[in-house]
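This report concerns only the one structure given below.
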Amino acid sequence: MSDYLPGLEGVPATRSNISYIDGEKGILAYRGYPVEQLAEYSSFEETTLLLLDGRLPTVDELSDFDDHLRRNRRVKYNVREIMKKLPATGHPMEMLQTAVASLGMFYPGNACLTGSDLCEDLNYIHNMSVKIIARIPVIVAMWEHIRKGYDPIEPRTDMTTAENFLYMLKGVEPEPLHAQIMDSCLVLHAEHTINASTFAALVTGSTLASPYGVIAAAIGTLSGPLHGGANEKVVDMLKRIGRPENVQKWFDKQMEAKEKIWGYGHREYSVKDPRANILQKHLEKLAVRHGMADNQLYETAKKLEEIANERLGERGIFPNVDYYSGILYNELGIRTDQFTPIFAISRSAGWLAHWREQLADNRIFRPTQVYTGEPIRDYVHLHQR
Ligand code: COA
């Protein structure tokens, strides 16, 4: 194949049975189960095990897995020391990438680096996955305190991932509704076929790099505003617009300048992202609880959706998952720059499921290119130029 397709649009990069998207019908399913049902009936822990193992766990399997995650929440003192040395003004995604990469130094077991048979050892893969999935939320929450110069709050083992994350972030036990919404958000962001960060994980994993290297590469990829970083941009954009009355003028100017609307558009969907619909329902629930009738951010977002859909909808450009997630996290009292790290907490499940799938039938990624440079020519010595 010699045709170059920018962004590899439409090029299958792997075979996978982990998740499925029908972008015209707005369907997303993990291991065949529609995301709407998982968001309503499952939990982040169960969904993670479903993604890793390929089937819904039994009661005992889920309980063992949950227990394993809870017992792996503590992060070594030296990792905290590294975090304490990082500048408080740095972006939490850069902190997270640094901290996750450093885990490989402190929690060895990088059997894959040797290319040994352990790459096919499901226990090894499972244990490494648990170590990473359990610690990412803890690291993200720890950073909230470390960057303010305080000691982080210790993780608890009597809470779910979502509860413990909110508890460590804020220092108080979360309201049940907030924990339930956070859990559902973690389910919704856990997996999404071969997106840019998952592809980065696959490429890194295909070299038999350690899982910490795999996840650090994926975190770096997720951080960009065209991918996970869009949720922050959406909130910044809505704050800049200010009020629903300002939307039309702002939107017209944006279109005239050929600028994008953050949280809009998707390579796979030509309808509204099914996850955006669920996140919006969560926002409505919070609106009732918090009395958000005059929440400017949400009202502005709804107005912008109405206006943008009229103009962009005919081209199949609709709200994606990032459109409402930031407003939701904002309503849960979470700082804007922690939105994308929350995405990473959740997506670590999908990345590691793909890592496992890649190792089961590995071949190093080594695509080709269309060369556009100079023909072969003789070197010109320095003084003859
Ligand atoms: N606002 C306005 N126009 C948009 C748009 C948006 N958010 N997203 C895509 N378009 C338009 C582009 O301007 C382009 O128009 P053109 O053909 O006239 O040049 C066309 O749609 C194709 O866009 P392109 O960026 O090439 O699509 P892509 O499939 O490569 O990119 C995204 C997909 C997600 C990167 C893109 O939609 C985007 O940048 N969205 C905003 C960032 C975002 O929300 N990212 C989170 C994704 S979950």
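The values are calculated or read from the model by the stated rules, or taken from the named source; none is laboratory data. Keep in mind that this is a model prediction, so the values were computed, not measured. Please note: Cβ atoms are built from the backbone with ideal geometry, for glycine as well, and neighbour counts cover all protein chains shown. Surface accessibility is based on the protein's heavy atoms, side chains included, excluding ligands, DNA and RNA. Shrake-Rupley method; radii C 1.70, N 1.55, O 1.52, S 1.80 Å.
Here's the yes/no breakdown for (1) small (G, A, S); (2) part of a helix (DSSP H, G or I); (3) within 9 Å of the ligand (Cβ to nearest atom):
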position: A209; (1), (2), (3): yes, no, no
position: V214; (1), (2), (3): no, yes, no
position: A217; (1), (2), (3): yes, yes, no
position: N246; (1), (2), (3): no, yes, no
position: M255; (1), (2), (3): no, yes, yes
position: I261; (1), (2), (3): no, no, yes
position: E268; (1), (2), (3): no, no, yes
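Out of the residues in the stretch 270-290 that are touching a helix residue (DSSP H, G or I) at 6+ places or on another chain (Cβ under 6 Å) and within 18 Å of L238 (Cα to Cα), which is nearest to the ligand (Cβ to nearest atom)?
A276
What residue, of R363, R377, is modelled with pLDDT under 95, more than 27 Å from K253 (Cβ to Cβ) and outside any helix (DSSP H, G or I)? Before the answer, list the steps.
Working: R377 fails: modelled with pLDDT under 95.
Exactly one residue qualifies, and that residue is R363.
Check E163 against each of (1) open to solvent by less than 10 Å² (accessible area, probe 1.4 Å); (2) over 15 Å from the mean Cα position of the chain (by Cα) and name the one condition it does not meet.
Every condition holds for E163 apart from (1).
Specify the residue that is farthest from the chain's Cα centre (by Cα); the eligible residues are those in the stretch 291-323 that are more than 9 Å from the ligand (Cβ to nearest atom) and among the aromatic types (F, W, Y).
Among residues in the stretch 291-323 that are more than 9 Å from the ligand (Cβ to nearest atom) and among the aromatic types (F, W, Y), the one farthest from the chain's Cα centre (by Cα) is Y298.
Could you list, ordered by first residue, the pairs with Cβ atoms under 6 Å in which the first is in the stretch 253-269 and more than 21 Å from Y20 (Cβ to Cβ) and assigned by TED's automatic domain parsing to the domain that holds L28 and the second is open to solvent by 70 Å² or more (accessible area, probe 1.4 Å) and within 7 Å of the ligand (Cβ to nearest atom), at least 6 apart or interchain?
Filtered contacts from the stretch 253-269: no entries.
Quick one: is H290 under 30 Å from Q37 (Cβ atoms), surrounded by fewer than 16 Cβ atoms within 10 Å (Cβ to Cβ) and touching a residue at least 24 places away in the same chain (Cβ under 8 Å)? Spell out how you get there, then give the answer.
Values: under 30 Å from Q37 (Cβ atoms): yes; surrounded by fewer than 16 Cβ atoms within 10 Å (Cβ to Cβ): yes; touching a residue at least 24 places away in the same chain (Cβ under 8 Å): yes.
So H290 passes the test.
Of the numbered conditions (1) within 16 Å of the chain's Cα centre (by Cα); (2) within 16 Å of the ligand (Cβ to nearest atom); (3) part of a helix (DSSP H, G or I), W250 satisfies every one except a single condition; which is it?
Of (1) within 16 Å of the chain's Cα centre (by Cα); (2) within 16 Å of the ligand (Cβ to nearest atom); (3) part of a helix (DSSP H, G or I), only one is false for W250: (1).
Look at the stretch 193-212 and say how many of its residues are open to solvent by 10 Å² or more (accessible area, probe 1.4 Å) and at pLDDT 95 or above. Please lay out each step first, then the result.
Taking the stretch 193-212 first, the residues open to solvent by 10 Å² or more (accessible area, probe 1.4 Å) are 193-196, 199-200, 203-204, 207-210.
Narrowing the set further to residues that are at pLDDT 95 or above leaves 193-196, 199-200, 203-204.
Here the count works out to 8.
Check S223 against each of (1) closer than 27 Å to Q254 by Cβ; (2) hydroxyl-bearing (S, T, Y); (3) over 16 Å from the mean Cα position of the chain (by Cα) and name the one condition it does not meet.
(3)
Starting from residues that are away from the ligand (no atom under 13 Å from the Cβ) and assigned to a loop (DSSP other than H, G, I, E, B), keep the ones in the stretch 222-244 and report whichever is most open to solvent (accessible area, probe 1.4 Å).
R243
Take the residues of the stretch 6-37 that are of a type in the set (S, T, N, Q) and surrounded by 14 or more Cβ atoms within 10 Å (Cβ to Cβ): which is nearest to C185 (Cα to Cα)?
Start the filter on the stretch 6-37 by keeping residues that are of a type in the set (S, T, N, Q), which leaves 14, 16-17, 19, 37.
Going one step further and asking which of them are surrounded by 14 or more Cβ atoms within 10 Å (Cβ to Cβ), we end up with 14, 16, 19.
Values: T14: 27, S16: 23, S19: 17 Å.
Per the stated criteria, the residue is S19.
Do we have E310 as at pLDDT 95 or above, of a type outside the set (G, A, S) and exposed (fewer than 10 other Cβ atoms within 10 Å of the Cβ) here?
Values: at pLDDT 95 or above: yes; of a type outside the set (G, A, S): yes; exposed (fewer than 10 other Cβ atoms within 10 Å of the Cβ): no.
The answer is no for E310.
Residues that are within 16 Å of the ligand (Cβ to nearest atom) and surrounded by 14 or more Cβ atoms within 10 Å (Cβ to Cβ): does the stretch 38-53 have at least one?
At the first step, the residues of the stretch 38-53 found to be within 16 Å of the ligand (Cβ to nearest atom) are none.
No - not one qualifying residue is present in the stretch 38-53.
Here are some residues: Q338, Q369, Q358. Which one is open to solvent by 10 Å² or more (accessible area, probe 1.4 Å) and not in a loop (DSSP other than H, G, I, E, B)? Let's see the steps before the verdict.
Numbers: Q338 fails: open to solvent by 10 Å² or more (accessible area, probe 1.4 Å); Q369 fails: not in a loop (DSSP other than H, G, I, E, B).
Q358 is the lone residue from the list that is open to solvent by 10 Å² or more (accessible area, probe 1.4 Å) and not in a loop (DSSP other than H, G, I, E, B).
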